[in-house]
Ligand code: FES
């Protein structure tokens with residue numbers, strides 16, 4: 001697996017989504033309450049951009065008129081026809097075994113661990129032994 005630096009974390013504020021492209025892949029990254037999820041950005045139904053969808057949960061009802069919201073922040077609803085996809089797995093809510101979008105691993109890393117910067121000079125190991133300076137090349 002190859003890691004790709006796609007943006008700074010502050011470009012995806014809590015409650016938002018960002019569309020990124022890596023080669024031919026169109027990917028939607030969501031920040032729900034500080035937790036990042038990444039799925040393919042193309043809905044398998046008719047191709048809408050899932051990054052434009054609304055993040056929500058699922059409504060459950062034990063009887064008419066009494067419903068409750070479950071899994072808040074775990075599903076994205078396609079903006080065109082409302083199909084819902086699990087942000088963690090990419091599986092659709094209505095047919096999870098047959099209908100899904102690809103999900104991707106996403107993480108946040110400190111910038112200094114990702115890039116050393118463009119300007120570097122050659123360095124050498126230096127040590128001191130019995131008052132003699134020793135340079136190792
Ligand atoms: S294009 Fe997504 S549900 Fe139709």
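The values are calculated or read from the model by the stated rules, or taken from the named source; none is laboratory data. All values reported here derive from a predicted model rather than from experimental measurement. Neighbour counts are summed over all protein chains in view; Cβ atoms, including those assigned to glycine, are modelled from backbone coordinates with ideal geometry.
Answer yes or no as to whether residue 86 is over 12 Å from the mean Cα position of the chain (by Cα), surrounded by fewer than 14 Cβ atoms within 10 Å (Cβ to Cβ) and either more than 23 Å from residue 114 (Cα to Cα) or modelled with pLDDT of 95 or more (or both).
no
Step by step: first the residues of the range 41-59, then only those that are part of a strand (DSSP E or B), more than 8 Å from residue 79 (Cα to Cα) and in contact (Cβ under 8 Å) with a residue 12 or more places away in the chain, then the one that is farthest from the ligand (Cβ to nearest atom). Which residue is that?
Filtering the range 41-59 for residues that are part of a strand (DSSP E or B), more than 8 Å from residue 79 (Cα to Cα) and in contact (Cβ under 8 Å) with a residue 12 or more places away in the chain, the one farthest from the ligand (Cβ to nearest atom) comes out as 57.
Considering only residues of the range 1-31 that are free of Cβ contacts under 8 Å to residues at least 12 places away in the same chain and within 16 Å of residue 101 (Cα to Cα), which is surrounded by the fewest Cβ atoms within 10 Å (Cβ to Cβ)?
24
Only residues in the range 118-133 that are in contact (Cβ under 8 Å) with a residue 12 or more places away in the chain count as the first member; pair them with residues that are assigned to a strand (DSSP E or B), Cβ under 9 angstrom, at least 6 apart or cross-chain, and list the lot.
Listed pairs, sorted by first residue: 124/135; 124/136.
Every residue in the range 93-117 that is within 16 Å of the ligand (Cβ to nearest atom) and without any contact (Cβ under 8 Å) to a residue 12 or more places away in the chain, please.
94, 95, 96, 98
Any residue at all in the range 26-40 that's in contact with a strand residue (DSSP E or B) (Cβ under 6 Å, 6 or more places away or on another chain), within 15 Å of the ligand (Cβ to nearest atom) and under 19 Å from residue 94 (Cα atoms)?
Yes: the range 26-40 contains one or more residues that are in contact with a strand residue (DSSP E or B) (Cβ under 6 Å, 6 or more places away or on another chain), within 15 Å of the ligand (Cβ to nearest atom) and under 19 Å from residue 94 (Cα atoms).
Among the residues of the range 109-137, which ones are surrounded by 10 or more Cβ atoms within 10 Å (Cβ to Cβ) and part of a loop (DSSP other than H, G, I, E, B)?
109
Looking at the range 73-92, which of the residues that are in a loop (DSSP other than H, G, I, E, B) and within 16 Å of the ligand (Cβ to nearest atom) is farthest from residue 14 (Cα to Cα)?
So the residue we want is 81.
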